[in-house]
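J.: Shown below is the structure under consideration.
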Amino acid sequence: MSAAEGPVPGFEDLLAANADYSKNFSYGGFDGIAHAGVGVVTCMDSRIPPLELLGLKPGDAKVLRSAGGRVTELTMTGLVLGVHLLGVRRIMVIPHTRCAMASMTEDQMREKVEKASGLPAAYLTLNVIPDQLEALRHDVAAVREHPLIGEDVLVGGFMYDVDNGRLTQIV
């Protein structure tokens, strides 16, 4: 086995935590269906615990994450699969307060990436969000109007407050 194929150092703490987790693992044999019928698109922000904030558990929902909680081409594909193959009947789009993607312009964000990486990033599309509520309304409409989602699927837009854990329906 070459060095490129072997274990990469730096993940030992996470593998140890997983070994502990797997000792009491109780979700084996699940079928992959969203048993609560819920699909969630939310931000990659680590302050957001999507299942917990909705009172759900593993196996209840399909969770798709993107920077800023935007409905992207990939998250839309996930939603279509969720609706037609995995039991999703309700879709929630959930951006959040104090989101970095909504706090600066594309140029400012790119400058931060370049400063942090030391490399040019002019080619990188970051898709910052000048107006979160407008973006949320746009994303909800895009999901509702997608020909493969269907009119019988409920689609709502919500805002998650990272400072108090509260979810507010916007659309």
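J.: Can you tell me which residues in segment 129-171 are of a type in the set (S, T, N, Q) and in contact with a helix residue (DSSP H, G or I) (Cβ under 6 Å, 6 or more places away or on another chain)?
T.: Passing the criteria: only GLN132.
J.: May I pose another question? Would it be correct to say that ASP107 is closer than 30 Å to PRO120 by Cα, in contact (Cβ under 8 Å) with a residue 12 or more places away in the chain and acidic (Asp, Glu)?
T.: The answer is no for ASP107.
J.: For segment 107-150, what are the residues that are in contact with a strand residue (DSSP E or B) (Cβ under 8 Å, 6 or more places away or on another chain) and part of a loop (DSSP other than H, G, I, E, B)?
T.: Result: ILE149, single match.
J.: A follow-up question, please. From the list ASP20, ASP60, which one is surrounded by 10 or more Cβ atoms within 10 Å (Cβ to Cβ) and either farther than 18 Å from GLY165 by Cα or not hydrophobic (A, V, I, L, M, F, W, C) (or both)?
T.: ASP60
Here's the yes/no breakdown for (1) open to solvent by less than 60 Å² (accessible area, probe 1.4 Å); (2) under 22 Å from PRO130 (Cα atoms):
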| site | (1), (2) |
| --- | --- |
| PHE25 | no, no |
| VAL41 | yes, yes |
| GLY68 | yes, yes |
| GLU73 | no, yes |
| LEU81 | no, no |
| ARG89 | no, no |
| ILE94 | yes, yes |
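J.: Return the residue satisfying two criteria in turn: it lies in segment 53-62 and is out of contact with any His (no Cβ under 6 Å at 6 or more places or on another chain) and in contact (Cβ under 8 Å) with a residue 24 or more places away in the chain, and of such residues it is farthest from MET92 (Cα to Cα).
T.: The selected residue is PRO58.
J.: Can you pull out every residue in segment 151-171 that is within 16 Å of the chain's Cα centre (by Cα) and either in a strand (DSSP E or B) or at pLDDT below 95 (or both)?
T.: VAL155, GLY156, GLY157, PHE158, MET159, TYR160, LEU167
J.: Which residues, counting only those in segment 141-170, are in contact (Cβ under 8 Å) with a residue 60 or more places away in the chain, surrounded by 14 or more Cβ atoms within 10 Å (Cβ to Cβ) and over 15 Å from ARG98 (Cα atoms)?
T.: If the condition is that a residue be in contact (Cβ under 8 Å) with a residue 60 or more places away in the chain, surrounded by 14 or more Cβ atoms within 10 Å (Cβ to Cβ) and over 15 Å from ARG98 (Cα atoms), then ALA142, VAL143, HIS146, ILE149, VAL153, VAL155, GLY156, GLY157 are the ones that fit.
J.: Residues in segment 71-112 that are under 17 Å from the mean Cα position of the chain (by Cα) and among the hydroxyl-bearing types (Ser, Thr, Tyr): how many?
T.: The qualifying residues number 4.
J.: Is there any pair linking a residue in segment 18-44 that is in a loop (DSSP other than H, G, I, E, B) to one that is of a type in the set (D, E, K, R), with Cβ under 8 Å and at least six apart or on different chains, and which?
T.: Correct list of pairs: ALA34/ASP60; ALA34/LYS62; HIS35/ASP60; ALA36/ASP60; GLY37/ARG89; GLY37/ARG90; MET44/ARG65.
J.: Does GLY32 meet the test of being closer than 26 Å to ALA135 by Cβ, open to solvent by less than 60 Å² (accessible area, probe 1.4 Å) and not acidic (Asp, Glu)?
T.: no
J.: Would you pick out the residues in segment 118-140 that are open to solvent by 60 Å² or more (accessible area, probe 1.4 Å) and among the polar types (S, T, N, Q)?
T.: THR125, ASN127
J.: Can you tell me which condition ALA116 does not meet? The list is (1) touching a residue at least 12 places away in the same chain (Cβ under 8 Å); (2) at negative phi; (3) out of contact with any helix residue (DSSP H, G or I) (no Cβ under 7 Å at 6 or more places or on another chain), and all the others hold.
T.: So the condition that ALA116 fails would be (1).
The values are calculated or read from the model by the stated rules, or taken from the named source; none is laboratory data. Keep in mind that this is a model prediction, so the values were computed, not measured. Cβ: placed from backbone, ideal geometry, glycine included. Neighbour counts: every protein chain shown. These area figures cover heavy atoms from the full protein model, side chains too; ligands, DNA and RNA do not enter into them. Shrake-Rupley method; radii C 1.70, N 1.55, O 1.52, S 1.80 Å.
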